[in-house]
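A quick write-up on the structure given underneath.
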Amino acid sequence: MNIVFHIILTIIAIICGQCAKHIEKNLIPLCLEKINYKEFFKNLKKDFKMDIKYSLINILLFNLIYFLNGNQILTYIYISIIPILLIVFSIDYKITLIPDEAHLYIIIISIINILFNIQNIFDFILGAIVGGGIFFLIAYLSRLLLKKEGMGFGDVKLMASLGLLLGVKNILVVSLLSFFIGAVVGIILLLTKKMKKDSYIPFGPFIVISVFIIMFVKSDSIIEYYIAFCSFLGTKVTDLIYYFIK
């Protein structure tokens, strides 16, 4: 029975991947205001081209999530947002914009999830407030103190919608992971001179990667790993300081 279900899931993943890629291609000119909604929906009916990359990622993630979580509501909630997260990753990377349509879709899935977990409604609402609030504060302080955009408002809306879906603990871990991944990538790009100090890096891809991580690793485990890493790092820094001052 599991094998049959994985085959069905693989077929769905292929279809979702092809649709996601086609939607992404047409969302980009919509985000850039080169076309309107009428033209967007008209374009969806034509120029469909096969692209296997999205489908391969969907096949892998869909089947892994089902394998790890089994037949439960959370499995299907995660599966339902994977295609839109891939779209967010790709579009933000290409044009540094996150489409509002993605936030709306995640909110709709969040409401469906809340209906199945109504007892946790306040946790999801608090997740939206905390997720959006953290990134709004960073964006506001960047413009106020540094006189430049440190965080796009699209990132704020994405984190608020994801907070409504994931709850407060998960969205805090997503924030932590996204900043950590972003810092590592930023340092690597600076060291390899592929980025200047004042360059802007789209943050959406880091958020998406972080969400994918918590789909497979529980937030509590990530927090434990992070505390252990900070403890290890603190010990090494202390040893290094002691070495130079002794």
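Bear in mind these aren't lab numbers, they're just calculated from the coordinates by the rules spelled out. These numbers come from a predicted model, not from an experiment. Neighbour counts run over all protein chains shown; Cβ positions are idealised from the backbone, glycine included.
When a footprinting reagent is the concern and you count Cβ atoms within 10 Å, what order do Glu101, Glu33, Glu24, Glu224 take, fewest first?
In increasing order of surrounding Cβ atoms, one gets Glu33, Glu224, Glu101, Glu24.
What number results when the radius of gyration of the chain, computed over Cα atoms, is divided by 2.2 N^0.38 Å?
1.12
So which trypsin sites (Lys or Arg not before Pro) in region 103-212 end up in coil per DSSP with only 13 or fewer other C-beta atoms within 10 Å?
Passing sites in region 103-212 are Lys147, Lys148, Lys193, Lys194, Lys196, Lys197.
Would you report the distance distribution of C-alpha pairs in region 95-161 as whole percents per 5 angstrom bin, up to the bin with the largest distance?
4, 18, 21, 21, 16, 10, 6, 3, 1
For Cα pairs less than 8 Å apart in space and 6+ apart in sequence, what is the mean separation divided by the residue count of region 2-245, i.e. the relative contact order in percent?
Reported relative contact order: 17 percent.
Taking springs between alpha-carbon atoms closer than 10 angstrom, which of Leu97, Leu74, Leu32 fluctuates most in the Gaussian network model of the chain?
Leu32
Place a +1 charge on the Cβ of each Lys and Arg in the chain and a -1 charge on the Cβ of each Asp and Glu, then give the dipole magnitude about the Cα centre in debye, rounded to the nearest 20.
740 debye
Mean Kyte-Doolittle of at least 1.6 and a Cα length of 24 Å or more along the axis: which whole DSSP H helices of the chain meet both?
73-95, 100-116, 121-141, 168-191
Pull out a ≥ b ≥ c, the square roots of the eigenvalues of the alpha-carbon gyration tensor of region 16-130, then state rounded if a/c is under 1.5, prolate if not and a/b is larger than b/c, and oblate in the remaining case.
Oblate shape, in that a/c is at least 1.5 and b/c is the bigger or equal ratio.
Using DSSP to call loops (not H, G, I, E or B), can you name the chymotrypsin sites (Phe, Trp or Tyr not before Pro) in region 169-246 whose Cβ has at most 15 other Cβ atoms within 10 angstrom?
Taking region 169-246 and a limit of 15 other Cβ atoms within 10 Å, the loop chymotrypsin sites (Phe, Trp or Tyr not before Pro) found are Tyr200.
Over all distinct Cα pairs, what is the inverse of the mean 1/r for region 155-196, reported as the Kirkwood hydrodynamic radius in Å?
It is 11.5 Å.
Rounded to whole Å, give me the distance from the Cα center of region 81-99 to that of region 212-246.
A separation of 31 Å, based on Cα centres.
Quick check on region 196-246: take the gyration tensor over C-alpha atoms, sort the square-rooted eigenvalues as a ≥ b ≥ c, and tell me if it's rounded (a/c under 1.5), prolate or oblate.
oblate
Quickly work out the Leu233-to-Tyr200 label distance, labels modelled 7 Å from Cα along the C-beta direction, and quote it in nm with one decimal.
Between Tyr200 and Leu233, the label points sit 2.7 nm apart.
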